[in-house]
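The values are calculated or read from the model by the stated rules, or taken from the named source; none is laboratory data. Source: prediction; values computed, not measured. No Cβ is skipped: glycine too gets one built from the backbone with ideal geometry, and neighbour counts run over all protein chains shown.
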Amino acid sequence: MSRLRQIAPDSASRAADGTGWTLAALAIAGLAGLPIAAVLWTALAGGGGAGSGETVGDLAATVLPTYIANTALLMLLAGGIAAVTGTGCAWLIAATRFPGRRVLGWALVLPLALPAYLAAYVYADILDYAGPVQSALRAATGWGVEDYAFPDIRSLGGGALVLGLVLYPYVYLLARTAFATQSLTQFRAARSLGAGPSRAFWRVALPAARPAIAGGLALVLMEVLADFGVAEYFAIPTFSTGIFRSWLAMGDKAAALKLAAVMLLFVIALVAWEARTRRGRSDSRDGLAARGVDAEPLVVLSPLGKGLALAACALPVLLGFVVPAAWLASLAMSETARAAAGDLPTYLRGSLWLGLATALLCLACALLLAFARARSASRAAAGAIRLATLGYALPGALLAVGLLAPLGGFDVSMARFARDSLGWSGGLLLTGTSAVLVYALSVRFLTVAYNTVSGGLARIPPSLDAAARSLGAGPSRVLARIYAPLLAPSLAGAAALVFIDTLRELPATLILRPFNLETLATRTYRLASDERLVEAAIPALILLAAGLLPVLVLNRLGKR
């Protein structure tokens, strides 16, 4: 009987085990939700100290309408470019056959490897008055500065174009999967009833793929809302730039928190929309994906149509990846760029340790959340996991000010207590330290680690755990002998993705970093802001090369 009890733990022990995982998930959710709670408290309680009411009135009368209008218009334009480009290319890749289709099928994802602010630096350098495009135009025509009107890339339209070219792969990946898995029977039935390829696309294929396209578009809009580098470099007043300037340039913490609260409304709306788009998705067993890459295409193109399809799919790759990468590579080969690379080891060390610390913390939290999901069926655990993994939708600027407000208050209280009670004045404990930066980045990228680790854990049969327990293995031995080897690929992938995202993060790092910490992203930003793009070319290329790994992972997942 005692052996039977050892093999089959009673319900009380299982409940206690689930309670422990639930408490761990709640603790992580509390830490991850701290910046959201701080921003909401400021908005609902009118926080920000004395005069905060006047600050709200000043914002509403001066900059707030501009921030709302510019942010909404930037999201509308960039989202439209990304939706049209991603959907059109996905349909051509999934439903037609033309030369170069297989190469372009994965190459269309490459622009995601390029941070949007790097693309902004490159295109500003290429298209400015002294750049090669306008210089060649004046040399070819003999025109002067007043003889032609060239579109200004440093504008809201230019920022939307850059963001759309870099972010359209989010729509492309989901739309390509949707087109490849939807029913061929419905499309061919529409064709047999006399509908042409265009009408069948608009009436059958596009409506069936609409949830996936909307989900990709929601991701694009989240990235546009969170963008800081493009908006700052092109002088576009948005919420991210407004928070940054209010907090650091003007020292107005109340205004920054109020802007973050309004920005949070945009985030909540986008998260709700993205969650709603997941409903109603379905796959078909007679889709293109089920029939293989060499199956008969849905639409047979003429020779001219094949050439146009090739051009339509190649142009986003050229503009979104090839041109910026080639331009940075050409700048990196100059003597000036090589001379400026002397301090590169310093920035590499800062980026490496920051990425490793964030990756390790995210892995630990992701493991706890993944086991809480697997071992606890309580609604509290599920709600805690949703809250803890909301950080990826939060812009870096919002996270930064949302953390600095409560942590700054905690630091001031502790410093006052130490001075009055202990006679010790050692300054602030957390504010301005690397620990706060690692904390913020972990909240931001915990979603990436959790999704990867949870997916790996879901592939491990529960029977392995039960069999090991029945043979007398304790929890630590089960973890070391079963879960650690089987989860190793997922853990390595999660660590790599978090590490790379940390390297590329700009607004949170700029606001929270200590004075003695410089990363590749902040170094590139400062050099480019000073119009020293040549000196920033080598760090920018390193960031570009690092971004290729998550792009390859995304492309592989998209094919699945």
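Among the residues of the stretch 237-254, those that are surrounded by fewer than 20 Cβ atoms within 10 Å (Cβ to Cβ) and either in contact (Cβ under 8 Å) with a residue 12 or more places away in the chain or under 15 Å from the mean Cα position of the chain (by Cα) (or both) comprise PRO237, LEU248, ASP252.
Tell me which residues, restricted to the stretch 499-519, are more than 16 Å from ALA325 (Cβ to Cβ) and either part of a helix (DSSP H, G or I) or of a type in the set (Phe, Trp, Tyr) (or both). Working first, answer last.
The initial filter retains those residues of the stretch 499-519 that are more than 16 Å from ALA325 (Cβ to Cβ), namely 499-503, 505-519.
Within the stretch 499-519, PHE499, ILE500, ASP501, THR502, LEU503, PRO507, ALA508, THR509, LEU510, ILE511, LEU512, PHE515 qualify.
Every test in (1) more than 25 Å from SER330 (Cβ to Cβ); (2) modelled with pLDDT of 85 or more is passed by LEU118 save one, and that test is (1). Residues in the stretch 170-177 include at least one that is under 29 Å from the mean Cα position of the chain (by Cα), surrounded by 14 or more Cβ atoms within 10 Å (Cβ to Cβ) and closer than 22 Å to GLU505 by Cα.
A quick yes/no check of all residues on (1) loosely packed, with under 15 Cβ neighbours inside 10 Å; (2) under 28 Å from the mean Cα position of the chain (by Cα); (3) modelled with pLDDT of 85 or more:
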position	(1), (2), (3)
ALA289	no, yes, no
LEU304	yes, no, yes
CYS313	no, yes, yes
ALA366	no, yes, yes
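Being buried (at least 19 other Cβ atoms within 10 Å of the Cβ) and either closer than 30 Å to ASP501 by Cα or among the aromatic types (Phe, Trp, Tyr) (or both) is a condition met by at least one residue of the stretch 141-155.
Being under 22 Å from the mean Cα position of the chain (by Cα) and outside the structural domain of ALA226 (by TED's automatic domain parsing) is a property that holds for THR358. Residue count for the stretch 123-133 under the criterion of being outside any helix (DSSP H, G or I) and touching a residue at least 24 places away in the same chain (Cβ under 8 Å): the result is 1. Within the stretch 96-122, the residues that satisfy the criterion of being among the small types (Gly, Ala, Ser) and either buried (at least 24 other Cβ atoms within 10 Å of the Cβ) or not in a helix (DSSP H, G or I) (or both) are GLY100, ALA113, ALA116, ALA119, ALA120. Remark: PHE234 matches the filter, which requires a residue to be in the same structural domain as PRO297 (by TED's automatic domain parsing), within 18 Å of SER529 (Cα to Cα) and within 27 Å of the chain's Cα centre (by Cα). Of everything in the stretch 333-349 that is within 27 Å of the chain's Cα centre (by Cα) and in contact (Cβ under 8 Å) with a residue 60 or more places away in the chain, the residue that is surrounded by the fewest Cβ atoms within 10 Å (Cβ to Cβ) is THR346. Starting from residues that are part of a helix (DSSP H, G or I) and surrounded by 17 or more Cβ atoms within 10 Å (Cβ to Cβ), keep the ones in the stretch 376-386 and report whichever is nearest to the chain's Cα centre (by Cα). Per the stated criteria, the residue is ILE385.
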